[in-house]
Amino acid sequence: MASSEVGKVLEFEEYVRTRQEALLRSARRLVPDPVEAQDLLQTALVRTYGRWDGIADKSLADAYLRRVMINTRTEWWRARKLDEVPTEQLPEAAVEDGTEQRADRALLMDILSVLAPKQRSVVVLRHWEQMSTEETAAALGMSTGTVKSTLHRALARLRQELESRELDARETEREEKRGPEQCAA
């Protein structure tokens, strides 16, 4: 083995030894099963080792490896086998009347009303119309950085509003369970 190859192996081994825990945490965020997360990390490490010389800035190795893990997880998801079990009886057909979908849409429209017009525009273009950040920026006449920061603040506000409404609904439900005589006391 050439000395440059030995150096590559030692450098990669040192990198893995020092970053293994953080990388495993990232893998655990991608797949819930701990064994599958270890498999994902190992697969990503093997793929990254083959490209190790191509990573000029080793400070970006974590980002590169995380991208490899995401791509590998996506490949696994696409290749999964859907388990179908033949049976004698057909399952009951579910009839969807669209009530839940209309309720979700009404909630979404109501919650969007808490946003400022600029925030609402960014959310609608990015998530409803599925425009890229650059397309959204061009459509609204703002920079991509402004789109990103506006979207971040808008989504945080939407989460806050949903949580607040959920808490209110739980409190109302508790009060209804207690009955009117206990609430008056």
Quiz item: Treating the beta-carbon of each Lys and Arg as +1 and of each Asp and Glu as -1, no other charges, what is the dipole magnitude of the chain about its Cα centre, to the nearest 20 debye?
Solution: 920
Practice problem: Give the longest segment of the chain that steers clear of trypsin sites (Lys or Arg not before Pro) in DSSP loops with at most 13 neighbouring Cβ atoms within 10 Å, not counting the sites themselves. | Solution: 82-185
Quiz item: Do the sum for the chain: with -39,500 (n - 2.57) for every DSSP H run of n ≥ 4, divided by all residues, what is the mean residue ellipticity at 222 nm, to the nearest 500 deg cm²/dmol?
Solution: -24000 deg cm²/dmol
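Computing the accessible area with a 1.4 Å probe over protein heavy atoms, can you report the carbon and sulfur percentage for the range 71-185?
On the way: 4880 of 9540 Å².
Looking at the range 71-185 in its full context, I get 51 percent from C and S.
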Quiz item: To the nearest 20 debye, what is the magnitude of the charge dipole of the range 19-98 about its Cα centre, counting +1 on the Cβ of each Lys and Arg and -1 on the Cβ of each Asp and Glu?
Solution: 800
Exercise. May I ask you to list, by number, the DSSP H helices of the chain whose Cα span along the axis is at least 30 Å and whose average Kyte-Doolittle hydropathy reaches -1.0 or more?
Key: 3-30
Quiz item: Under a Cβ-Cβ cut-off of 11 Å, what is the net charge of the residues other than Thr133 that fall near it, where Lys and Arg count +1 and Asp and Glu count -1?
Solution: 0
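Would you tally the net charge around Ala116, using a Cβ to Cβ cut-off of less than 11 Å, leaving Ala116 out, and scoring K and R as +1, D and E as -1?
On the way: positive: Lys118, Arg120, Arg153, Arg157; negative: none.
Charge balance near Ala116 sits at +4.
Below 13 angstrom from the Cβ of Asp62, what's the summed charge of the other residues (Lys, Arg +1; Asp, Glu -1)?
Working: positive: Arg19, Arg25, Lys58, Arg66, Arg67; negative: Glu21, Asp57.
Result for the neighbourhood of Asp62: +3.
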Self-check item: Distance (nanometres) between label positions extended 7 Å along Cα→Cβ at Glu176 and Arg78
Solution: 4.6
Quiz prompt | Per residue, in Å², the accessible surface of the chain once ligands and nucleic acids are set aside, probe 1.4 Å | solution = 76
Exercise. Please identify every one of the GluC sites (Glu not before Pro) in the range 1-88 that sits in a loop by DSSP and has no more than 12 other beta carbons within 10 Å of its own beta carbon.
Key: Glu84, Glu88
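The values are calculated or read from the model by the stated rules, or taken from the named source; none is laboratory data. Please read these numbers as outputs of a predicted model, since none were measured by experiment. No Cβ is skipped: glycine too gets one built from the backbone with ideal geometry, and neighbour counts run over all protein chains shown. In case anyone asks, the SASA skips ligands and DNA or RNA and just uses the protein heavy atoms, side chains included. Shrake-Rupley method; radii C 1.70, N 1.55, O 1.52, S 1.80 Å.
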